[in-house]
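J.: I am attaching a structure below and will ask some questions about it afterwards.
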Amino acid sequence: MVFKRLMQAMGVGGPSVETALANPHCRPGGQLEGRIQVAGGDHDVDISYVALGLVTRVEVESADSEYHTDQEFGRHQVTGPFRLAAGQRYDIPFRFEVPWETPLTDLYGRRLPGMTMGLRTELEVARSVDSGDLDAVSVHPLPAQERLLEALLRLGFRFARADVERGHLYGVRQSLPFYQEIEFFPAPRYAGVINQLELTFVTGPAQTQVVLELDKRGGVFTEGRDVFGRFTVDHATLDTVDWAGQLEAWLHTSLTRRGLFS
């Protein structure tokens, strides 16, 4: 009996959890739906809660180092406490709200290099947390994001990679503790002037804030520097703007003012 209680305390013979998504594809501000199946082990247990959270890989910069870690966000508790009998099956349907600022993982049917995303199921039993179940999720762009991405491609920029960085952008209202940077190789006409262009979306229900960063090439006697731009896209008037023209005008003006482009 003592041995059996010790094994139970260590989680041996305890409950198992499995999550099934109805559709792993979503957009920022959308929903993920599915079911969580909790199966009882060989003894009765008290479940404190079952929770869901999106998880992505983020880059963290400190004073003298840089590393990557998993970051959970958009957490949602789907149950309160309940008793799970030995061998009992407990079926929990859920509807998970995807935060508006969720990073993109897929563009035009392809995974963005450098991006990972999953929905994690967490179950707590006797103050011991099991966070083992992680289901892959694909996050596709909203129409506003698609328009900006398509505009850059029409100008000749090419996708390079993407990453997620912990921190906040200056002058931009964020609800999440990180932001995504989508990096592009320069269009041919800008190849001798900039190394890359970085694009960040900070999206809400009605508007998308767009932050652009140009990594300028340094010359023999000059140091490379960054050029920043920021503007807002209203979702309701999205189709009334020539976004390729807007972006090209900003690029030309920004680089010409600094004597880098004529």
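Every read-out reported here was derived from the displayed coordinates using simple, explicitly stated rules and does not represent laboratory data. Keep in mind that this is a model prediction, so the values were computed, not measured. Using ideal geometry, Cβ is built from the backbone for each residue, glycine included, and neighbour counts are taken over all protein chains shown.
J.: Of 73, 123, 100, which is farthest towards the positive pole of the chain's charge dipole, taken about the Cα centre with +1 and -1 on the beta-carbons of Lys, Arg and Asp, Glu respectively?
T.: 100
J.: Next question, about the same structure. Could you work out how far helix 143-154 tilts from the main Cα principal axis of the chain, as a 0 to 90 degree angle to the nearest 10?
T.: Roughly 40 degrees between the two axes.
J.: How large is ³J(HN,Hα) for each residue in region 135-142, as worked out from phi by the Karplus curve 6.51 cos²θ - 1.76 cosθ + 1.60 (θ = phi - 60°), to whole Hz, x for Gly and Pro?
T.: Listing the rounded values in order: 10, 4, 10, 10, 10, 9, x, 6 Hz.
J.: On to the next question. Return the loop-located trypsin sites (Lys or Arg not before Pro) in region 52-145 (DSSP other than H, G, I, E, B) with at most 11 other Cβ atoms within 10 Å of their own Cβ; answer none if there are none.
T.: 127
J.: Provide, in order from the shortest bin, the percent of all Cα-Cα pairs of the chain in each 10 Å bin, continuing until the bin that contains the maximum pair distance.
T.: Calculated over all Cα pairs of the chain, the distribution is 6, 25, 27, 19, 11, 7, 3, 1, 0 percent.
J.: Once you order the gyration tensor axes a ≥ b ≥ c over the Cα atoms, which shape class does region 143-257 get: rounded for a/c under 1.5, otherwise prolate or oblate by comparing a/b with b/c?
T.: oblate
J.: A follow-up question, please. Scan around residue 107 for amide H atoms under 5 Å from its own, H built in the peptide plane at 1.01 Å from N, and keep only partners 5 or more places away or cross-chain.
T.: 112
J.: Tabulate in residue order the Karplus-calculated ³J(HN,Hα) for region 196-210, using 6.51 cos²θ - 1.76 cosθ + 1.60 with θ = phi - 60°, rounded to whole Hz; enter x for Gly and Pro.
T.: Using θ = phi - 60°, the values come out as 6, 10, 10, 10, 10, 9, 10, 10, x, x, 10, 9, 10, 7, 10 Hz.
J.: Taking the simple approach of a point 7 Å from Cα along Cα-to-Cβ for both residue 160 and residue 253, what is their distance in nm?
T.: 2.5 nm
J.: Return the long-range amide H neighbours of residue 138 (sequence gap of 5 or more, or a different chain), with a cut-off of under 5 Å between placed amide H atoms.
T.: Placed amide hydrogens put 25, 26 under 5 Å from residue 138.
J.: Can I ask one more? Can you list the HN-Hα couplings for region 242-255, worked out from phi with the Karplus curve (6.51, -1.76, 1.60; θ = phi - 60°), rounded to whole Hz and with x for Gly and Pro?
T.: Whole-Hz 3J(HN,Hα) from phi for region 242-255: 7, 6, 5, x, 4, 5, 5, 5, 5, 4, 4, 5, 5, 7.
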